[in-house]
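Everything on this sheet refers to the single structure shown next.
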Amino acid sequence: MIEIRSKLIDFNLSHIELKETNPIAIFVHNEAGEKVAGISGETHGNWLEISFLWVDETLRGQNIGTKLMEAAELEAMQRGCKKSFLDTFSFQAKDFYIKLGYEEVFALDEYPLPSKRHYFVKKLKCND
């Protein structure tokens, strides 16, 4: 599987002008130094791709997720990104992302079975 992915990435990179992607990761630690929340993804050209956002259940409702999203978006804008995209399942955080200004552009019904997988984009508020 890794070999197939590697070969596909090589092919894709040979056809696009900007080959470099840059990881982004921001974490929140508790007093014991354990990660209790975090966001990760990458920037590529004009785009921020959010891969994972997680906040420990005991900390939800304290705007930690919002602050992590804002921090990632700010870092992405500093890197020149103009847009962001992500996906989420129907049992996860669809309404949260809508509240943050993301617009749903596509949904896979019955994925993987009774759920949906939602795809969102957002235009970042750049100063240009």
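The values are calculated or read from the model by the stated rules, or taken from the named source; none is laboratory data. Quantities reported herein were computed from a predicted structural model and do not represent experimental measurements. Neighbour counts are summed over all protein chains in view; Cβ atoms, including those assigned to glycine, are modelled from backbone coordinates with ideal geometry. Just so you know, the surface numbers come from the protein's heavy atoms only, side chains and all, with ligands and any DNA or RNA stripped out. Shrake-Rupley method; radii C 1.70, N 1.55, O 1.52, S 1.80 Å.
Things to note:
- Filtered residue count, region 79-99, keeping only those that are of a type outside the set (Lys, Arg), assigned to a loop (DSSP other than H, G, I, E, B) and open to solvent by 30 Å² or more (accessible area, probe 1.4 Å): 4
- Whichever residue in region 56-69 is under 24 Å from LYS83 (Cβ atoms) and without any contact (Cβ under 8 Å) to a residue 24 or more places away in the chain and, among such residues, is least open to solvent (accessible area, probe 1.4 Å): ASN63
- All of (1) touching a Gly at 6+ places or on another chain (Cβ under 8 Å); (2) not in a strand (DSSP E or B) hold for SER51 with one exception: (2).
- Of the criteria (1) among the small types (Gly, Ala, Ser); (2) surrounded by fewer than 17 Cβ atoms within 10 Å (Cβ to Cβ); (3) touching a Ser or Thr at 6+ places or on another chain (Cβ under 8 Å), which one ALA76 fails: (2)
- The listed residue being small (Gly, Ala, Ser), in contact with a strand residue (DSSP E or B) (Cβ under 6 Å, 6 or more places away or on another chain) and open to solvent by 40 Å² or more (accessible area, probe 1.4 Å), out of SER51, SER40, SER115: SER51
- Unmet criterion (only one of (1) surrounded by fewer than 15 Cβ atoms within 10 Å (Cβ to Cβ); (2) under 14 Å from the mean Cα position of the chain (by Cα); (3) of a type outside the set (Lys, Arg)) for ALA107: (2)
- Annotation: ALA71 fulfils all but one of (1) in a helix (DSSP H, G or I); (2) farther than 19 Å from LYS122 by Cα; (3) not hydroxyl-bearing (Ser, Thr, Tyr); the unmet one is (2).
- For region 77-92, a residue qualifies if it is among the polar types (S, T, N, Q) and in contact (Cβ under 8 Å) with a residue 40 or more places away in the chain, and exactly one does: SER84.
- So LYS7, is it over 17 Å from TYR102 (Cα atoms), in a helix (DSSP H, G or I) and at pLDDT below 95: yes
- Filter result (modelled with pLDDT of 90 or more and within 12 Å of HIS44 (Cβ to Cβ)) within region 10-28: ASN22, PRO23, ILE24
- Residue that is nearest to the chain's Cα centre (by Cα) [pool: residues in region 74-103 that are over 20 Å from THR43 (Cα atoms) and charged (D, E, K, R)]: LYS94
- Pairs, first open to solvent by 100 Å² or more (accessible area, probe 1.4 Å) in region 7-28, second assigned to a loop (DSSP other than H, G, I, E, B), C-beta under 9 Å, six or more apart: GLU17/GLY45; GLU20/GLY45
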